[in-house]
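Remarks on the structure that follows.
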């Protein structure tokens, strides 16, 4: 994967590469490529790496300098992400704070909220969890039932929000200091009306976080129960009742700008699978599928580069951006299914203390990719209705 670096941005690219060469050493170099958006592997090492990045001011590059950013251009941020991914640096931990909630707060937050939270996010001092999905409101997020009621107070803060309900599939929720929670603040409302986005402290008696063990035996996902949880009345992002707009902005950030590091990871995995096939005489019967996977990875590359070009040019991404999540998750699963076939019996053998090889871990983690971030079924509905203009799917009464 290659990106075009303008002469004006070449000094910045050189600075990034020099810093990575100097700091991606020792235990950090020993953990190249470790972790992922739903993979908590080597958590302590990655936490130290996050502090290293914060000290170098490489987090939130495009954020204003007053909040700890550099005020960098989008093109420079993309250059950093590209070089960072190419160097296989450990996957960053605070994606929820730095890449999702932070940009959302920059768009909708008050001056006080920005001053309070943004510098601590970029200093890697506070971690965040996303409270969107619920047991009956996953891909259909408008069915949110977690409620918050405003209890008036006499102080300057104007009172307190009291929350009751449940959230599920919160990534790295057990390590979160703060949660941004989509909840219903108008009990008479339905669907996307009457929702608000609240900032809720995680460490309080009314918040109960329970890890959900995945197939790897890890608890990257959590379910969270709110039982009289409290937060200040002024910790609503945007206006009360504007939660749907704020949530869609956060999801737009997630689906539009976070695929490039994964893209480079997919390419490395594809090369690994091809190397495996060259070593195994029984791979000849799989050659057509190997070619299809190689083509799919290149198509993902073209799509990613096209979307990046549109963003840098200041244009809204085209239809290909809406299809990228669906295509990438489906093709990634096919690639890793092929990898397990090539591994044959080795795919079922673990190392010491049941340790898994990288392709084994990737295969197991990939099973959820067609569900989280918007299930493939919902993604197809969105593409069909909003891009192709097809009739709407029947909705429940």
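Read-outs: derived from the displayed coordinates by stated rules, not from any lab. What you are looking at is a predicted structure, and each value in this text was computed from that prediction instead of being measured. All Cβ positions, even for glycine, are placed from backbone atoms using ideal geometry, and neighbour counts span all protein chains on display.
Miscellaneous remarks
- Within region 76-105, backbone nitrogen closer than 14 Å to the virtual label 7 Å beyond the Cα of residue 21 toward Cβ: 87
- Modelled label positions at residue 382 and residue 295, each set 7 Å beyond Cα in the direction of Cβ, lie 2.7 nm from each other.
- Per the Debye formula on identical point scatterers at the alpha carbon atoms of region 128-239, with no solvent, log10 I(q)/I(0) at q = 0.14, 0.22 Å⁻¹ is -0.53, -1.20.
- Directionally averaged shadow of region 7-93, computed from the convex hull of its alpha-carbon atoms, nm²: 5.6 nm²
- Helix 10-23 and the longest principal axis of the C-alpha atoms of the chain enclose an angle of approximately 80°.
- Degrees, to the nearest 10: 260-279 long Cα axis against longest axis of the chain: 30 degrees
- Most mobile of 131, 241, 384 in a GNM of the chain (Cα contacts under 10 Å): 384
- Comparing 152, 167, 51 in a Gaussian network model of the chain (Cα springs below 10 Å), the most mobile by mean-square fluctuation is 152.
- In terms of other Cβ atoms within 10 Å, 286, 342, 122 run from fewest to most in the order 286, 342, 122.
- For the chain, the longest principal axis of the C-alpha atoms and the axis of helix 243-257 are separated by about 20°.
- Mean ellipticity per residue at 222 nm, deg cm²/dmol - from DSSP H runs of n ≥ 4 across the chain, formula -39500 (n - 2.57): -13500 deg cm²/dmol
- The relative contact order of region 7-93, computed from alpha carbon pairs under 8 Å that lie at least 6 residues apart in sequence, is 40 percent.
- The chain - percent relative contact order, Cα under 8 Å, separation 6 or more: 13 percent
- Cut-off 11 Å (backbone N to label point 7 Å along Cα→Cβ of residue 116), residues of region 197-222: 199-201
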